[in-house]
Structures are given as C-alpha cells and as structure tokens.
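To keep things clear, I will list the structure first and then write my remarks on it.
The values are calculated or read from the model by the stated rules, or taken from the named source; none is laboratory data. Predicted, not measured: the structure shown is a model, and the values here were computed from it. Positions of Cβ are generated from backbone atoms using ideal geometry, with glycine treated the same way; all protein chains shown enter the neighbour counts.
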Amino acid sequence: MPANLPPQYFEKEKELKKAKTPQERIAIIEELLAIVPKHKGTEKLQALLKTKIAKLKIQGQKSSAGARHTATFQVEKTGAGQVIVIGSPNTGKSSLIKALTNAHPEIGNYPFTTRLPSPAMMPYENIQIQLVDMPPITQDYFEFWQAELIKGADAILLVLDLSLPDPAEDILTLLAKLEEKRIGLFPQEHPIPPDKQQFMKKTMIIANKCDHPRTEENLEKIKSFIDPGFTPISISIFKENTLEYLRKQIYILLDVIRVYSKIPGKKVDHSDPFVFKKGSSLMDMAKAVHKDFAQKLKYARIWGKNKYQGQKVNRSYILEDEDIIELHL
C-alpha cells in the first residue's frame with residue numbers, strides 16, 4: 001500500500017536537514033510523525049520516525065550529562081505576570097495569542113507549528129501581561145523544559161478545541177501528561193493547599209472556536225471531564241466581545257493589584273502603575289519605589305475607592321487595587 005504522503009511532509013523534511021541540535025530534530029520529526037497519514041502503508045515509516053526520536057533523546061541526555069549545565073529554554077518574566085498557554089495540536093493557541101496581543105506567531109493548519117516557547121505581551125487597560133505560547137502537548141511529546149516553564153509561571157491557560165468530534169480525549173491526555181510531571185491545575189476560586197507537594201498552578205480553561213456548531217454539545221462533554229470548580233470560558237478569535245472578556249479574566253486570574261505613586265504637590269500618573277500580588281503592604285510599595293523609602297518611611301497618604309481622600313496610613317496598611325499612595329519620609 002503506498003504511503004501517499006502530503007506535500008507538507010516533504011517541506012518539513014527539508015527543515016530537518018538544517019536542524020542543528022537534538023532538540024530541534026526531535027521537534028521536527030514529531031511534526032513529521034503527526035503529518036504522516038495513519039494506515040498500513042505508513043506503518044514502517046511511523047516506526048522509523050519513532051526510532052529516530054528515541055535515539056535523539058538518548059543523544060540529548062548524554063550531551064546534557066556531559067555538560068556543566070543542562071541546555072533548556074527559559075523565558076524571562078516581564079509585565080504584570082507570566083501566563084503559559086498550553087493545549088493539544090491545532091487547538092488555536094497561536095491564533096488566540098495573535099488576537100490578544102500585537103505578536104505575529106507562525107500559524108498553520110498542521111500540528112506543531114509552535115516548536116519553541118514564544119512570549120508576547122497582552123495589553124490590559126494600563127498594564128501588560130506576558131503570554132507564552134508553548135509547543136503542543138501530546139501522548140508522545142512533553143519535554144522536561146516545557147514542564148519547568150509551566151512550574152515557574154504565574155498562571156496557566158489551557159486551550160481546548162470545541163470543533164473536535166470529542167474533546168474528552170484531549171483533556172485526558174493533557175491531564176495525564178501534566179500529572180506525570182507532578183503538575184496540578186487549580187481553579188481560580190480554589191485556594192491551593194500549602195501542604196501539597198505537587199506544583200499547583202492557578203488555571204483557566206479556554207473553550208476555543210465557540211462559533212462552531214458543536215459548541216453546546218462539546219461544552220457539556222468538557223464539563224463532565226474536569227473538576228466542577230472550573231468554568232470553561234467560551235471564546236472565538238472572530239468575536240471581539242469574547243476576547244475582551246477573556247483579557248479581563250486573565251487579569252483576575254493573576255490575582256494582582258495596580259497601585260500608583262504620587263509625588264507631593266503633583267498630579268498622579270495613571271499610565272505606569274506598580275503591580276503587586278493581592279495582600280501586599282505599604283512597605284512592599286515603599287521598597288519598590290526606593291530602598292531609602294523602606295528604611296526611612298514615616299507615613300503615607302492614600303487616595304482610593306471608598307476611602308477618606310488623603311487619609312494617613314501606617315506601614316502595615318494592606319494595598320488595594322488602584323490605590324494612590326503618597327509616601328512621606
């Protein structure tokens with residue numbers, strides 16, 4: 001039986017010849033494996049590609065063992081928080097990030113278009129939030145460095161595809177692969193138990209492509225396979241109202257506040273707020289402005305919602321969203 005390989009396969013083969021590292025070769029071969037039609041005529045080719053992946057992984061492990069530092073991918077955190085975007089192949093992660101940010105990630109209608117972590121900045125009112133597009137997670141592909149990036153993130157967006165015949169398979173695969181790396185997903189409203197040994201991450205589930213006819217049916221299927229604490233957010237990149245709602249929910253997911261510094265006698269600048277985790281104190285604000293303020297601070301005056309404007313507060317005051325703070329030495 002002939003293999004009948006599509007043109008994308010041969011284009012991707014050309015990239016394989018240019019790849020320099022085992023990690024790059026593995027990512028491309030994984031793409032080739034995903035492109036290959038699954039029938040009897042391609043069984044030998046599938047086996048060959050899987051063998052190559054296994055050999056390259058061994059080669060990569062040997063190289064890492066011989067090096068002083070293990071090669072990995074890192075993404076420096078910037079903005080108000082770092083949110084990692086994960087999902088199965090072709091769920092629309094890259095298209096979603098393009099719609100939410102000013103970035104232009106590579107987008108294709110074949111698996112593994114994203115091979116490396118791709119950060120982009122999402123504007124929300126007067127702050128920027130970092131979204132990181134990740135290579136898709138599959139039964140055969142979930143690298144150590146992917147897990148490490150997820151563990152270090154502030155929050156997770158898990159993107160599911162409402163156009164699939166049955167999204168349950170994707171959910172089960174994703175949860176199983178994350179559990180292998182001791183990563184647990186928690187809804188926004190659920191407190192993470194301090195005694196948990198796993199890496200628990202605040203997570204939002206995105207039900208993408210809500211303009212598809214299967215939306216209602218597949219939403220019910222998704223809800224039956226996830227923790228009842230999760231409420232999937234249905235969105236479409238073609239519906240701006242769903243994207244605007246999602247931007248706000250991502251901000252809420254980060255559990256942060258914006259605080260403005262005011263110089264005595266001057267107007268406040270609302271374009272460049274300080275960003276803190278909820279529960280931060282006036283002393284955290286003072287340290288962020290300058291170390292001298294933290295050491296010499298006598299008191300502060302505060303303007304904000306539901307407050308006596310300009311009232312004095314002491315060092316232990318807990319900051320609230322959109323407080324205006326005037327520090328006095």
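The table below lists the values:
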{"read-out": "Output for region 117-140, where each listed residue is outside any loop (DSSP other than H, G, I, E, B), of a type in the set (Ser, Thr, Tyr) and farther than 30 Å from Tyr260 by Cβ", "value": "Ser118"}
{"read-out": "Check on Ile192, under 18 Å from Gly81 (Cβ atoms) and either among the acidic types (Asp, Glu) or crowded, with 20+ Cβ neighbours inside 10 Å (or both)", "value": "no"}
{"read-out": "Leu282 vs. criteria out of contact with any His (no Cβ under 8 Å at 6 or more places or on another chain) and within 20 Å of Asp154 (Cβ to Cβ)", "value": "no"}
{"read-out": "Those residues of region 141-163 which are in contact with an Asp or Glu (Cβ under 7 Å, 6 or more places away or on another chain) and outside any strand (DSSP E or B), in sequence order", "value": "Tyr141"}
{"read-out": "Qualifying residue in region 313-322 (condition: under 24 Å from the mean Cα position of the chain (by Cα) and buried (at least 16 other Cβ atoms within 10 Å of the Cβ))", "value": "no"}
{"read-out": "Number of the exception - Pro213 against (1) assigned by TED's automatic domain parsing to the domain that holds Ile129; (2) over 19 Å from the mean Cα position of the chain (by Cα); (3) under 30 Å from Met283 (Cα atoms)", "value": "(3)"}
{"read-out": "Residue in region 1-42 that is surrounded by the most Cβ atoms within 10 Å (Cβ to Cβ), counting only those that are of a type in the set (Ser, Thr, Tyr) and within 28 Å of Trp145 (Cα to Cα)", "value": "Tyr9"}
{"read-out": "Residues that are surrounded by 13 or more Cβ atoms within 10 Å (Cβ to Cβ) and at pLDDT below 85, drawn from region 298-312", "value": "Gly304, Lys307"}
{"read-out": "Verdict on Ser234 being within 26 Å of the chain's Cα centre (by Cα) and either within 24 Å of Leu174 (Cα to Cα) or of a type in the set (Phe, Trp, Tyr) (or both)", "value": "yes"}
{"read-out": "Evaluation of Phe186 against (1) out of contact with any strand residue (DSSP E or B) (no Cβ under 6 Å at 6 or more places or on another chain); (2) at pLDDT 85 or above; (3) farther than 16 Å from Val85 by Cβ (one fails), failing number", "value": "(1)"}
